[in-house]
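Input: a single structure, listed below in structure tokens.
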Protein chains: 2
Amino acid sequence: MIGERKKKILRAITDDYISLGEPIGSRTIARKYNLGVGPATIRNEMADLEENGYLEQPHTSAGRIPSDKGYRFYVDALMSIEDLTSGELETIRKEYAVANREIEDLLRITAKIISNISNYTALVLGPQLQKTAFRHIQMIQIAPDEVLVLLVVDPGLVETRVVQIGSAISQRELDDMVSFLNRHLFGLTLREVERTLIEELKKRFFAYNDLVKEAVELLLKGLRNKPSERVYIDGVSNILGYPEFYDLNKAKSLFNLIENEHILSNVLQNATSTSGVRVTIGKENVREEIQDCSIITATYEVRGQVIGTIGLIGPKRMNYSKVVTLLEYIATGLSETLKKGN
Amino acid sequence: MIGERKKKILRAITDDYISLGEPIGSRTIARKYNLGVGPATIRNEMADLEENGYLEQPHTSAGRIPSDKGYRFYVDALMSIEDLTSGELETIRKEYAVANREIEDLLRITAKIISNISNYTALVLGPQLQKTAFRHIQMIQIAPDEVLVLLVVDPGLVETRVVQIGSAISQRELDDMVSFLNRHLFGLTLREVERTLIEELKKRFFAYNDLVKEAVELLLKGLRNKPSERVYIDGVSNILGYPEFYDLNKAKSLFNLIENEHILSNVLQNATSTSGVRVTIGKENVREEIQDCSIITATYEVRGQVIGTIGLIGPKRMNYSKVVTLLEYIATGLSETLKKGN
DNA sequence: TATTAGCACTCTTACTGTAAGAGTGCTAAT
DNA sequence: ATTAGCACTCTTACAGTAAGAGTGCTAATA
């Protein structure tokens, strides 16, 4: 186990490095934080901490900086909770006040708030339709060969999609199908629909197989990648403010990843498995491009079911205590809002 | 007027600078381009060109680079047309092949293609609904206090929006209103609707004023800022590849602007007034953040009516001949595709 | 035994001077 | 009108130096 004094030192170094961005030496610690011991003692402790992998040295005669393991320990055991200031709370309230009820708007504004307050890059993943519950479906013929499929799911989302159909179909047939779907699918999550009902559906509507196939496919997969499932990003330029990205190659490869919605959404979805705030530090990230970064995520839910993720990405040297509080707060608020809209 | 030899020299300098990014000296010109004259002569010509504002010198003993005026002259009068390579044409074909019929997808892929081929940052502005023509509207009650408004406009776009209504309304009343709207508005652009009909509509449906007001508002303004009207951006990270953005402050302020959809959309809409390719160089841009950049835009249309803009942004030192060809080609293709989808 | 003072050592950074290279402008010659 | 020649300017790269920060080790101390 790690001793009490070592903890204090590790914490001091991490706090200092997070706010200043420069390696910390033993003298500085002794001066700034009153630990009641001299620099030499601190040096010894630091040497120990380095040996145990909590600290590293950029070069021989520099001060120490936290390693990934050091940050991890800091986040799990050392950091104090930093509340949001009243100004920040006010900002959040104001921004949300202008949002209309559309989910897209809500997510976009959420991303904006996160990036503005944190000064990192915000990532907001829309609700995963797969986890939402079927409420009802409607199909409306808008042209001889075009049908608008309208799906309403439980956390108050409305998704629409225009489907091109091969063969003509009467509104009567459509109605028939729709009423069947509505009767049988109500309340199921789309994932359950996928697992249990797809075959039955296909059999039942064998007659107009073409459209059913399309409709069901649509219901299950086609609605993926709809606006609500997108990744909303804000504050990309914030990243350029941190000296760790003065190396343009790093910045470029990071930007590249952020631009790739597909990869990004994967990275974020890892966090959706468990509820709550999750911190992923440096090399803990699977993707190489972000192993100099930390990603913080939080989940939002509807009816106790996690359906989406919000988060942010920034340098490892991140104000963890602040962003954890922030994301927790925003995620809770978002869950509330979605419940009301329901 | 500017002499023939001066033109050759200006062109040589511009070409060279565009591809290499370094100031060009008289010797280099004399060696690389066979103009039949020595460096000293070229020096004199260059001094003239500088005096007339076509060239500038980063510092006393450096070579020359084109000024904004120089680039302008180059684009208007000097540059040769650079065709797309067969590989590039193939790339375009392939990318579009995977697009489904949804407009959003189409625009997203368009942005991707532009940024991949040009290596600059692509900006694609969706169709301006104001300029599209009303085809038909539908209103569907999906909850006691929610109505889905479905608007189909002429270049094959379907826009939907869920409206919260204050007072209850029967489906019969909705139908009444809808049929009136469909009878009277068919074929008008949304702008015309706005100008001529709004008062009449309000009078006519005075009885259920609340919903009408909402519906009309929606029709005219509410659908703004819908997905199709967004700005699609791709290849932001490309910009970091150009040495002119090694200055992180420049890069940051540019990124900031690109992230601000509102500003960006304004910048692009300037170009929508006239049809065709438009080149805006350096200080010709109104916004300060992009006065080191050039923006190239092209318009796409439906039924001879310009409804949207595609474009890209990059350093002034840009491969103009290539990107002009590229945007022209893509814009034409996009217009075609939209016509078919219609 | 734990702590500390002292000191030699290492590494970075900022500054200086120097030399090479590129390009210019001017003048005089062609 | 063009060009050759030359002195001049400015940038860049390089090397050397000094200052500063921080370390690790050893010996002294409470």
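Summary value for region B:230-342: 21 percent relative contact order, contacts being C-alpha pairs under 8 angstrom separated by 6+ residues. As a calculated quantity, the FRET efficiency between B:ASN44 and B:SER80 at R0 = 30 Å, using C-beta atoms, amounts to about 0.70. Shown in residue order for region A:300-317 are the 3J(HN,Hα) couplings computed by the Karplus curve 6.51 cos²θ - 1.76 cosθ + 1.60 at θ = phi - 60°: 10, 9, 9, 6, x, 9, 5, 10, x, 10, 10, x, 8, 10, x, x, 4, 6 Hz (x for Gly and Pro). Measuring only protein heavy atoms, the 1.4 Å probe finds A:ARG317 accessible over about 20 Å². Adding -39500 (n - 2.57) for every DSSP H run of four residues or longer, then dividing by how many residues chain B holds, sets the calculated 222 nm ellipticity at -13500 deg cm²/dmol.
Relative contact order (percent) for region B:4-78, with alpha-carbon contacts under 8 angstrom and 6 or more residues of separation? Relative CO of region B:4-78 lands at 36 percent.
Order B:ILE140, A:ILE81 by their accessible area, 1.4 angstrom probe, all chains in place, largest first.
A:ILE81, B:ILE140
Working from label points 7 Å from Cα in the Cα-to-Cβ sense, the B:ARG93 to B:ILE142 distance is 4.0 nm. The distance separating the Cα centre of region A:43-102 from that of region A:313-328 comes to 6 Å. Here A:SER80 yields copy-to-copy label distances, from shortest upward, of 7.0 nm, the label point defined as 7 Å from Cα along Cα to C-beta.
Residue and distance for the chain A Cβ closest to the axis that moves A onto B, in whole Å, come to A:THR160, 2. For chain B, the relative contact order comes to 19 percent (Cα pairs under 8 Å, sequence separation of at least 6).
Determine the order of A:HIS136, A:HIS184, B:HIS262, A:HIS59 by accessible area, beginning with the largest, at a probe radius of 1.4 Å.
If we order A:HIS136, A:HIS184, B:HIS262, A:HIS59 from most to least accessible, we get B:HIS262, A:HIS59, A:HIS184, A:HIS136.
Between copies, the label points of B:GLU56, set 7 Å from Cα on the Cα→Cβ line, lie 4.3 nm apart, reported in increasing order to one decimal in nanometres. Cross-link pairs exceeding 25 Å in C-alpha to C-alpha distance, out of B:LYS7/B:LYS250; A:LYS7/A:LYS112; A:LYS94/A:LYS252; A:LYS252/B:LYS316; B:LYS112/B:LYS283, comprise B:LYS7/B:LYS250; A:LYS7/A:LYS112; A:LYS94/A:LYS252; B:LYS112/B:LYS283. With an a/c value of 1.5 or above and a/b not larger than b/c for the gyration tensor axes a ≥ b ≥ c computed over the alpha-carbon atoms, the protein assembly as shown is described as oblate.
Label-point spacing for B:ILE263 across the identical copies (point 7 Å from Cα in the Cβ direction), in nm and ascending order: 2.7.
Pairwise Cα distances in chain A exceed 26 Å for 57 percent of all pairs. Going by accessible surface with a 1.4 Å probe and the largest first, B:TYR17, B:TYR246 read B:TYR246, B:TYR17. In this simple spin-label model, placing a label point 7 Å from the Cα along the Cα-to-Cβ direction at both A:LYS250 and B:ARG172 gives a separation of 7.0 nm. Ranking A:TYR71, A:ASN52, A:THR14 by how far each Cα lies toward the positive end of the dipole of region A:4-78 (charges on Cβ) leaves A:THR14 at the top. A:GLU328 sits with roughly 100 Å² accessible to a 1.4 Å probe, with DNA, RNA and ligands left out of the calculation.
The values are calculated or read from the model by the stated rules, or taken from the named source; none is laboratory data. Model, not experiment: these values are computed from the prediction. Methodologically, a virtual Cβ is constructed for each residue, glycine included, from the backbone with ideal geometry; neighbour enumeration extends over all protein chains shown. Quick note on the areas: whole protein, heavy atoms, side chains included, nothing else; ligands and nucleic acids left out. Shrake-Rupley method; radii C 1.70, N 1.55, O 1.52, S 1.80 Å.
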